[in-house]
Amino acid sequence: MATTDNILQGVNVLGKVDESHSKILTPDALAFLALLHRSFNPTRKALLERRKLRQAELDRGVLPTFLPETKHIRENDAWRGAPPAPGLVDRRVEITGPTDRKMVVNALNSDVWTYMADLEDSSAPTWENMINGQVNLYDANRRQVDFKQGPKEYKLRTDRKLPTLIVRPRGWHLDEKHVTVDGEPISGSLFDFGLYFFHNAFETVKIGQGPYFYLPKMESHLEARLWNDVFNLAQDYVSMPRGTIRGTVLIETILAAFEMDEIIYELRDHSSGLNCGRWDYIFSVIKKFRNNKDFVLPDRSAVTMTVPFMDAYVKLLIQTCHRRGVHAMGGMAAQIPIKDDKAANDKAMDGVRADKLREVRAGHDGTWVAHPALATIATEVFNKHMPTPNQLFVRREDVQISPNDLLNMNVPGVITEDGIRKNLNIGLGYMEAWVRGVGCVPINFLMEDAATAEVSRSQLWQWTKHGVSTADGKKVDKPYALRLLKECADELAAKGPKGNKFKLASQYFAGQITGEDYADFLTTLLYDEITQVGTPRSASKL
């Protein structure tokens with residue numbers, strides 16, 4: 001076997017390394033990252049190229065369907081995913097949020113069943129956020145995450161069992177430019193997964209859980225196969241039994257919706273189910289069919305979970321998961337409490353309650369909240385309607401979903417100038433926060449992250465591209481879109497704190513809403529703005 005020194009040749013760290021990072025960026029951990037990169041980066045790059053080819057097909061008008069070559073997998077009733085792992089049998093309420101130390105403590109102290117620690121959409125991937133997130137998760141698993149901030153102390157509660165920790169690494173498309181292997185940036189996915197697994201796999205087993213992950217942004221079962229290969233190598237490398245790792249896949253792309261069975265099949269020994277990533281899913285529908293005028297959607301507020309294509313997606317996900325014996329997780333309640341307006345707060349919380357009731361009645365095994373105050377509502381609804389730890393027995397054999405159902409864009413509603421302005425404000429607000437290193441931001445009493453900003457951006461692009469008219473007859477074209485953008489950006493900049501970055505956000509956004517250029521992701525478009533690459537240092541000399 002190669003020595004650590006040999007493996008570390010060609011591995012460089014370009015980000016600032018503080019004393020607190022030394023327990024994370026150890027030679028052995030960096031050697032593990034190098035092994036993952038050299039083993040899997042060629043496949044990752046090939047799969048990303050495959051995405052481009054698939055997009056070209058869609059642009060030619062080829063609509064997706066269930067894959068004929070995997071029909072035998074879908075029609076085989078015999079296979080199942082893995083039984084629920086320790087700490088994942090009951091997941092009725094999951095809280096999600098970034099991995100700053102305060103959030104980690106507050107999330108683990110919440111009255112929920114699991115905490116999805118997010119290194120993806122609610123975290124802007126500055127080097128400090130990513131590496132400090134790893135420090136915080138390392139400490140959390142060792143119950144050493146307590147800290148003081150000014151006069152206030154943040155301590156893990158000791159009066160009850162803490163929620164199960166699940167980590168969401170970045171998607172396959174993102175790089176981590178602060179670590180290079182053989183001259184190439186390492187995959188953000190492999191960096192996030194590798195460091196967390198290497199340091200915490202056995203520690204999580206010791207506390208009665210395991211190394212658990214949420215896997216985002218996949219577009220095919222081949223991308224799930226790659227994760228499964230990563231899991232097997234990682235477990236073999238540290239002599240951990242295969243199947244100890246569990247991964248819940250977020251179905252947040254329209255193409256993945258046509259391959260749910262196959263995705264579970266590829267991960268079956270490691271599968272802990274699928275999740276309805278609703279906002280990213282809407283983004284994906286607009287993005288993938290952005291050049292097809294038949295897929296133009298009305299104002300974002302009209303695209304609810306009950307419109308045909310969203311309803312079909314939810315039903316198929318629950319049916320597929322329960323047929324295979326794995327969890328079908330519901331979506332995010334992004335509302336945050338409105339402190340100074342009881343009537344508005346009551347209305348918002350009633351909306352949360354209705355959404356969670358829809359989910360539990362449909363057969364979901366659990367749901368997401370973004371704020372601890374919403375956990376009480378979600379818990380009440382699920383406890384009342386789901387007295388069992390999960391609903392894997394709800395087979396939904398009544399469901400028959402066709403490709404046309406998943407692509408049914410019959411969505412009632414109109415496009416309004418108010419809807420355009422809301423999208424502009426959300427996109428600008430999120431992007432401005434992101435380039436300051438903040439990955440989730442409250443806007444109009446909703447916690448917005450990359451997914452909701454992407455919906456806003458993509459709708460604006462789509463409307464301008466196809467020259468739609470608003471409900472009051474205004475044609476949405478490039479001059480109109482840019483005029484409204486300037487008005488919104490100027491207003492936000494004037495209201496914002498001194499030194500805000502709305503002008504910079506506006507410059508980037510202007511190139512994304514005219515129906516011309518379209519970046520694959522806002523996060524890749526903006527990444528260099530938050531990248532501070534220093535002098536390369538050999539990993540063997542850290």
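The values are calculated or read from the model by the stated rules, or taken from the named source; none is laboratory data. Quick caveat: nothing in here was measured; it's all calculated off a predicted structure. Here the Cβ positions follow ideal geometry from the backbone for every residue, glycine too, while neighbour counts run over all protein chains shown. Side chains are part of the model used for accessible areas, which takes the heavy atoms of the whole protein and leaves out ligands, DNA and RNA. Shrake-Rupley method; radii C 1.70, N 1.55, O 1.52, S 1.80 Å.
Skipping prolines and chain starts, which residues have an amide H placed within reach, meaning under 5 Å, of the one on Thr248, given they are 5 or more residues away or on another chain?
The list, which skips near neighbours in sequence, is Phe213, Tyr214, Leu215, Ser272.
Please give the Cα centre distance for the range 84-159 versus the range 292-315, rounded to the nearest Å.
So the separation of the two Cα centres works out to 33 Å.
Specify which residue in the list Ala539, Pro479, Ala505 is farthest towards the positive end of the charge dipole of the range 458-542, using unit charges on the beta carbon of Lys, Arg (+1) and Asp, Glu (-1), about the Cα centre.
The residue sitting most towards the positive pole is Ala539.
If you keep only loop residues by DSSP, which GluC sites (Glu not before Pro) in the range 439-536 have at most 11 other Cβ atoms within 10 Å of their Cβ?
Glu516
Using a/c under 1.5 as the rounded threshold, could you call the range 232-388 rounded, prolate or oblate? The axes a ≥ b ≥ c are square roots of the C-alpha gyration tensor eigenvalues, and prolate needs a/b larger than b/c, oblate otherwise. Provide the component values of the computation, followed by the final result.
Details: a/c = 2.01, a/b = 1.29, b/c = 1.55.
Here the range 232-388 falls in the oblate category.
Check which residues have an amide H placed less than 5 Å from Arg143's amide H, if you skip close sequence neighbours.
none
At a 10 angstrom cut-off on C-beta neighbours, averaged per residue, how do the peptides 194-200, 99-105 rank from highest to lowest?
By packing density, highest mean first, the sequence is 194-200, 99-105.
Rounded, prolate or oblate: which one fits the range 426-542, using the alpha carbon gyration tensor with axes a ≥ b ≥ c (rounded when a/c is under 1.5, else prolate when a/b beats b/c, else oblate)?
Taking the square roots of the gyration eigenvalues as a ≥ b ≥ c, the range 426-542 is prolate.
Using the Karplus equation 6.51 cos²θ - 1.76 cosθ + 1.60 (θ = phi - 60°), what ³J(HN,Hα) coupling, rounded to whole Hz, does each residue of the range 411-421 give in order, writing x for Gly and Pro?
Couplings: 10, x, x, 10, 9, 10, 5, 4, x, 5, 5 Hz.
Take the Cβ-Cβ distance between Asn500 and Ser20 as r, set R0 to 22 Å, and report the resulting FRET efficiency rounded to the nearest 0.05. Intermediate results must be reported in sequence, preceding the final value.
Numbers: r = 29 Å, r/R0 = 1.34.
Efficiency, from the Cβ-Cβ distance: 0.15.
Ignoring ligands, DNA and RNA, please state the percent of accessible area on the chain from carbon and sulfur, probe 1.4 Å.
Using a 1.4 Å probe with all protein chains present, the chain comes out at 52 percent carbon and sulfur.
Got a sec to turn the phi values of the range 134-151 into Karplus ³J(HN,Hα) couplings, 6.51 cos²θ - 1.76 cosθ + 1.60 with θ = phi - 60°, whole Hz, x for Gly and Pro?
Calculated HN-Hα couplings, in order: 5, 4, 5, 5, 4, 5, 4, 5, 9, 6, 10, 9, 4, 7, 10, 10, x, x Hz.
Using only helices, what value at 222 nm comes out for the chain when you add -39,500 (n - 2.57) per DSSP H run of length 4 or more and divide by the total residues, to the nearest 500 deg cm²/dmol?
After summing the helix terms and dividing by residue count, I get -14500 deg cm²/dmol.
I'd like the accessible area for Phe147: 1.4 Å probe, protein heavy atoms, all chains in place, Å² to the nearest 10.
Here the residue's solvent-accessible area equals roughly 40 Å².
As an exercise, use a Förster radius of 56 Å and the Cβ-Cβ distance of Ala46 and Lys474 to find the FRET efficiency, rounded to the nearest 0.05. Write out the running numbers ahead of the final one.
Details: r = 45 Å, r/R0 = 0.80.
So, using R0 = 56 Å, E works out to roughly 0.80.
Residue separation times 0.36 nm, minus the C-alpha to C-alpha distance between Asn6 and Leu357: what's the value?
The span from Asn6 to Leu357 would gain 120.8 nm if fully extended.
How do the peptides 56-63, 431-438 rank, highest first, by the average count of neighbouring beta carbon atoms within 10 Å per residue?
Per-residue mean Cβ counts within 10 Å order the peptides as 431-438, 56-63.
Determine ³J(HN,Hα), in whole Hz, for all residues of the range 154-168 in sequence, where each value follows from phi through the Karplus function 6.51 cos²θ - 1.76 cosθ + 1.60 and θ = phi - 60°; x replaces Gly and Pro.
So the Karplus estimates, Gly and Pro as x, are 10, 10, 5, 6, 10, 8, 7, 5, 7, x, 6, 8, 10, 10, 9 Hz.
Give the distance, in whole Å, between the Cα centre of the range 368-398 and the Cα centre of the range 328-348.
17
R0 = 41 Å: FRET efficiency of Lys206 with Ala343, Cβ-based, nearest 0.05? Can you show the working numbers first?
Working: r = 49 Å, r/R0 = 1.19.
The calculated FRET efficiency here is 0.25.
Would you give the gap between the C-alpha center of the range 484-542 and the C-alpha center of the range 1-75, rounded to a whole Å?
Spelled out, the Cα-based centre of one part sits 25 Å from the other.
Give the long-range amide H neighbours of Thr367: residues separated by 5 or more places, or on another chain, with amide H under 5 Å away, using H modelled in the peptide plane at 1.01 Å from N.
Val93, Glu94, Gly330
Obtain the nm distance between the two label points defined at Leu222 and Glu380 by a simple spin-label model: each point lies 7 Å from its Cα along the Cα-to-C-beta direction.
4.9
Taking square-rooted eigenvalues a ≥ b ≥ c of the alpha carbon gyration tensor, is the chain rounded, prolate or oblate, where a/c under 1.5 means rounded and, failing that, a/b exceeding b/c means prolate?
Here the chain falls in the rounded category.
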